[in-house]
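The structure appears below as structure tokens.
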Amino acid sequence: MNRMTIGRMSVWLTVVAMWLAGCSSNNCSLENLVTCNYGFYDSEGTAVTYGDVITIRTLLPGMKTVYTYRKWGEKTVVLDERDSVLLADGYTESVDEVRRDTVIANRLTGASGMKLPMSYYRDCDTLVFSYETLSNCDTLYLHHESFPHVDLPECGVQRFHRLTGVRGTNSAAMSGVAIADERVDDEGRENIKIYFNGVAQ
């Protein structure tokens, strides 16, 4: 190779290196998780830490089969599939059809808020709040639109949401609910205010 060819290759490699550096993911958001952000308040609107233990499940369409195993003196076991080992160990089995619910927050304790995912393809998410010290549950209905969002092609596609309405029952601990910011994205702003009527610290 002569000196001119080496010089041209050097310029070409420099251009390719600069182009590749421009296509790196350094311009992508570090926080790429899209969640709906909730804040907890008392009935007067003061931010609180909620003292009870909360479990939240989301209701999904359709039904599923569950198998419940019981044995005197042992903890009850609930599974999505039949377990022949438990049957051989003396457990009794009962089979039921139940809703396809999914727990999205399990035993949330001492929280002043939370971050929960939203569905992409349904326009209403139904969240059921159950409490350790209360027999009743509260239900929250989040109406929303979902749409794809692209910052840069190399960062990929995210699903953002826009809240169009929210309502809740007040049969247990909630006294009200309101939209704080309708845009649900990866910026971490508070989207929903939940007002509780007790067990605040």
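The values are calculated or read from the model by the stated rules, or taken from the named source; none is laboratory data. From a predicted model like this one, the values you see are computed outputs, not experimental measurements. Cβ placement follows ideal geometry from the backbone for every residue including glycine, while neighbour counts extend to all protein chains displayed. The area values use the complete protein model at the heavy-atom level, side chains included, leaving out ligands, DNA and RNA. Shrake-Rupley method; radii C 1.70, N 1.55, O 1.52, S 1.80 Å.
Some notes on this structure:
- Placing a label point 7 Å from the Cα of ASP186 along the Cα-to-Cβ direction, the residues of the range 140-154 whose backbone N falls under 15 Å from that point are 147-154.
- Checking every one of the GluC sites (Glu not before Pro) in the range 59-101 against DSSP loop status and a limit of 12 other Cβ atoms within 10 Å picks out GLU74, GLU81.
- Carbon/sulfur fraction of accessible area - the range 34-169, other protein chains in place, 1.4 Å, %: 50
- Gyration tensor verdict on the range 69-156 (Cα atoms; rounded if a/c is under 1.5, prolate if a/b is larger than b/c, oblate otherwise): prolate
- Applying 1/(1 + (r/R0)^6) with R0 = 45 Å to the Cβ-Cβ distance of THR126 and ASP89 gives a FRET efficiency near 0.75.
- Normalised per residue, the accessible area of the range 135-184 is 50 Å², obtained with a 1.4 Å probe and no contribution from ligands, DNA or RNA.
- THR49 paired with LYS75, simple spin-label distance in nm, labels 7 Å along Cα-to-beta-carbon: 2.7
- Hits among lysines - C-alpha to C-alpha of LYS115 under 21 Å, sequence gap 8 or more where chains match: LYS193
- Aspartates and glutamates whose Cα lies under 20 Å from that of LYS75, excluding same-chain neighbours fewer than 8 positions away: ASP83, ASP89, GLU93, ASP96, GLU132
- For VAL157, net neighbour charge (Lys/Arg +1, Asp/Glu -1) across residues whose Cβ lies under 15 Å away: -3
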